[in-house]
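*Asks:* Have a look at this one before I ask anything.
The values are calculated or read from the model by the stated rules, or taken from the named source; none is laboratory data. Just so you know, these numbers come straight off a predicted model, no measurement behind them. Note that each Cβ is placed from the backbone with ideal geometry, even for glycine, and that neighbours are counted across all protein chains shown.
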């Protein structure tokens, strides 16, 4: 049960009553009324802005209206008090005997507590990572990979039917560069002295095994072929080899996609799928022949002032209309984007999410315009941008360049610090904010290392179970004794504070899923773990607060039940983030 949803309904019931009594106008819009935790926990358990939102359209004083609403809310059985604060906020305090019910609810169904019904099992496609298949993944790709996977897990927990998709950029110029780079390594494998790798090709040693495999597969036969022949063969071999590396890298992060979509398929048969998408837009009146104004600032080398086929992107929220064909008759990259998103829509994905890198911020409006046009406004597209990751070692930034072959691979980082620190730390900042990843910080065992602190919280709950089992055999998180305990001995303010925190979990899940911000869950887990560690430490100072009270098994069982509920929520949240919940840590 989401306490905040329950009180959202209570507030709406009060609003409906006031409309019926003529206190509020019948057409008042309550869409912006929310119930949330107050910014200062000392002000209460819940807060609502109802009076602030409704006062102006009702031509009333906010504080006066707040007093009326607060008086009605105070009549609810579990409300201890309803107080008006500031210009008209209403703060609610809940009776202390309400909170143990949260513990019981968690223990009775730990795997489902907090699940939201936001998605209603609607199909949703998340396309993420989609790194060019030109080499192993570097740490810059890591953030989008972890963010996309955590978002997929979060939205599944919130009730969506999620498909994870990877878009293989296997039709661009970079693939030809890859093939030529691989062919050079093939010649090297045959014994040729290739010297310094020419400018413009990929020099990384990761292509050496590919050169060897080409030698094993073809011997020296490729040397006798015309360029267009060997280029076609080597392209395919190189893409398959690089995608194999990428799949292995993703698996090291516990990331697995349901669909790998090849851009090349859009260009097959003279770009039949792209042409079909353009023709569809034309039938809807969204295509015209015209000229574009030159871009502001320095003109790009490929700028052409000519009449061309344009998409009316400005009619769908973009800043400028967009070209669909180049002067040589080939399609623009954006035309392929349109065809790809139409393909996803035609596969039944009305709701789509694209997770893109920091250099794709300018794509957001055009991609949204494209989906709006090809779906006749029925489709929704949210584009999430993942900002850059700064990798630090001994305070010094590590520079990366795939062309120079000096980049730090994702696998390097995972092998050094482990998958859990990588995943958790990549989610400790909002995805569109820059992130520093410090090798020293993510491996230290302290409160300053969030993943250690949260995992240690879960391990601590099981350490407590093990201690309790020495004097109370059979006590464990899933025991019927814990599920049936009355919990009326949980009266300490620290215990009530922990139960309040547990009650926030469903709201955190729902709000994080609604905003598509998994970092909110990472913050919550850190706060819950911090509350647990602080309360446990209090027992060292005040023996009566210790969880295990020898001679008072009823109180001990009450407290063990609370610990079990905390462990269950830490495990649930870590699972959504794709991070393990260890039973012990050394």
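*Asks:* Looking at the stretch 215-227, is at least one residue free of Cβ contacts under 8 Å to residues at least 60 places away in the same chain, part of a helix (DSSP H, G or I) and touching a helix residue (DSSP H, G or I) at 6+ places or on another chain (Cβ under 7 Å)? Steps first, please.
*Replies:* Narrowing the stretch 215-227 to residues free of Cβ contacts under 8 Å to residues at least 60 places away in the same chain: 215-227.
The next check asks that each one be part of a helix (DSSP H, G or I); those that pass are 215-218, 221-224, 227.
In the following step, the residues that additionally are touching a helix residue (DSSP H, G or I) at 6+ places or on another chain (Cβ under 7 Å) were identified as 215, 222.
Yes, the conditions are met somewhere in the stretch 215-227.
*Asks:* Is there a residue being modelled with pLDDT of 95 or more, closer than 27 Å to residue 502 by Cα and in contact with a strand residue (DSSP E or B) (Cβ under 8 Å, 6 or more places away or on another chain) anywhere in the stretch 125-132?
*Replies:* No: zero hits.
*Asks:* Which condition number does residue 264 fail, the rest of (1) free of Cβ contacts under 8 Å to residues at least 12 places away in the same chain; (2) closer than 30 Å to residue 126 by Cβ being met?
*Replies:* (1)
*Asks:* Filtering the stretch 131-159 down to residues that are assigned to a loop (DSSP other than H, G, I, E, B) and in contact (Cβ under 8 Å) with a residue 60 or more places away in the chain, which residue is surrounded by the most Cβ atoms within 10 Å (Cβ to Cβ)?
*Replies:* Start the filter on the stretch 131-159 by keeping residues that are assigned to a loop (DSSP other than H, G, I, E, B), which leaves 131-137, 158-159.
Subsequent filtering for residues that are in contact (Cβ under 8 Å) with a residue 60 or more places away in the chain retains 131, 133-137, 158.
Working: 131: 27, 133: 22, 134: 25, 135: 23, 136: 20, 137: 24, 158: 23.
Once the filter is applied, the top-ranked residue is 131.
*Asks:* Here are some residues: 432, 436, 488, 492. Which one is under 30 Å from residue 38 (Cβ atoms), in contact with a strand residue (DSSP E or B) (Cβ under 6 Å, 6 or more places away or on another chain) and touching a residue at least 24 places away in the same chain (Cβ under 8 Å)?
*Replies:* Going through 432, 436, 488, 492 in turn, the sole match is 432.
*Asks:* Inspect all residues belonging to the stretch 528-545 and state whether any of them is within 23 Å of the chain's Cα centre (by Cα) and closer than 19 Å to residue 150 by Cβ.
*Replies:* Looking for residues that are within 23 Å of the chain's Cα centre (by Cα) and closer than 19 Å to residue 150 by Cβ, one finds at least one in the stretch 528-545, hence yes.
*Asks:* Checking the structure you have, find out if any residue of the stretch 21-31 is more than 28 Å from the chain's Cα centre (by Cα), loosely packed, with under 11 Cβ neighbours inside 10 Å and in a helix (DSSP H, G or I). Give the steps one after another, and end with the answer.
*Replies:* So in the stretch 21-31, the residues more than 28 Å from the chain's Cα centre (by Cα) come out as 21-30.
Retained after the next criterion (residues that are loosely packed, with under 11 Cβ neighbours inside 10 Å): 21-22, 26-27, 29.
Filter again for in a helix (DSSP H, G or I), leaving none.
No, there is no match, as no residue in the stretch 21-31 is more than 28 Å from the chain's Cα centre (by Cα), loosely packed, with under 11 Cβ neighbours inside 10 Å and in a helix (DSSP H, G or I).
*Asks:* Check whether at least one residue in the stretch 336-348 is assigned to a loop (DSSP other than H, G, I, E, B), touching a helix residue (DSSP H, G or I) at 6+ places or on another chain (Cβ under 8 Å) and at positive phi, and report yes or no.
*Replies:* We begin by selecting, within the stretch 336-348, every residue assigned to a loop (DSSP other than H, G, I, E, B); these are 347-348.
So of that shortlist, the ones also touching a helix residue (DSSP H, G or I) at 6+ places or on another chain (Cβ under 8 Å) come out as none.
No; the residues of the stretch 336-348 include none that is assigned to a loop (DSSP other than H, G, I, E, B), touching a helix residue (DSSP H, G or I) at 6+ places or on another chain (Cβ under 8 Å) and at positive phi.
*Asks:* Please determine, by comparing only the residues of the stretch 190-212 that are part of a helix (DSSP H, G or I) and either surrounded by 17 or more Cβ atoms within 10 Å (Cβ to Cβ) or outside the structural domain of residue 232 (by TED's automatic domain parsing) (or both), which one is modelled with the lowest pLDDT.
*Replies:* 206
Okay, residues lined up against (1) at negative phi; (2) out of contact with any strand residue (DSSP E or B) (no Cβ under 6 Å at 6 or more places or on another chain):
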{"position": "99", "(1), (2)": "yes, yes"}
{"position": "102", "(1), (2)": "yes, yes"}
{"position": "106", "(1), (2)": "yes, yes"}
{"position": "118", "(1), (2)": "yes, yes"}
{"position": "121", "(1), (2)": "no, no"}
{"position": "145", "(1), (2)": "yes, yes"}
{"position": "170", "(1), (2)": "yes, no"}
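*Asks:* Residues that are out of contact with any helix residue (DSSP H, G or I) (no Cβ under 6 Å at 6 or more places or on another chain) and part of a loop (DSSP other than H, G, I, E, B): does the stretch 457-471 have at least one?
*Replies:* First, pick out the residues of the stretch 457-471 that are out of contact with any helix residue (DSSP H, G or I) (no Cβ under 6 Å at 6 or more places or on another chain): 459-460, 462-463, 465-467, 469-471.
Imposing the further condition that a residue be part of a loop (DSSP other than H, G, I, E, B) reduces the set to none.
For the stretch 457-471, residues out of contact with any helix residue (DSSP H, G or I) (no Cβ under 6 Å at 6 or more places or on another chain) and part of a loop (DSSP other than H, G, I, E, B): absent.
*Asks:* If you take the residues in the stretch 66-78 that are out of contact with any strand residue (DSSP E or B) (no Cβ under 6 Å at 6 or more places or on another chain) and without any contact (Cβ under 8 Å) to a residue 40 or more places away in the chain, which one is surrounded by the most Cβ atoms within 10 Å (Cβ to Cβ)?
*Replies:* Ranking the candidates gives 71 first.
*Asks:* Just the residues that are at pLDDT below 95, assigned to a loop (DSSP other than H, G, I, E, B) and touching a strand residue (DSSP E or B) at 6+ places or on another chain (Cβ under 9 Å), please, taken from the stretch 261-303.
*Replies:* 291, 292
*Asks:* For the stretch 48-63, name all the residues that are more than 16 Å from residue 25 (Cβ to Cβ) and in a helix (DSSP H, G or I). Walk me through how you get there before you give the answer.
*Replies:* Residues of the stretch 48-63 more than 16 Å from residue 25 (Cβ to Cβ): 48-49, 52, 63.
Selection gives 52, 63.
*Asks:* Moving on to the next point. So residue 441 clears everything in (1) at pLDDT 95 or above; (2) crowded, with 16+ Cβ neighbours inside 10 Å except one condition, right? Which one?
*Replies:* Exception for residue 441: condition (1).
*Asks:* Just name the residue that is modelled with the lowest pLDDT out of those in the stretch 389-405 that are part of a loop (DSSP other than H, G, I, E, B) and within 19 Å of residue 143 (Cα to Cα). Outline the logic, then answer.
*Replies:* Here is the first cut: in the stretch 389-405, the residues part of a loop (DSSP other than H, G, I, E, B) are 394-395, 398-405.
If we keep only those that are within 19 Å of residue 143 (Cα to Cα) as well, we get 398-402.
Values: 398: 73, 399: 67, 400: 56, 401: 50, 402: 46.
Only one residue tops the list, namely 402.
One line per residue, one yes/no per condition, for (1) more than 25 Å from residue 127 (Cα to Cα); (2) surrounded by 12 or more Cβ atoms within 10 Å (Cβ to Cβ):
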site: 308; (1), (2): yes, yes
site: 324; (1), (2): no, yes
site: 351; (1), (2): no, yes
site: 364; (1), (2): no, yes
site: 376; (1), (2): no, no
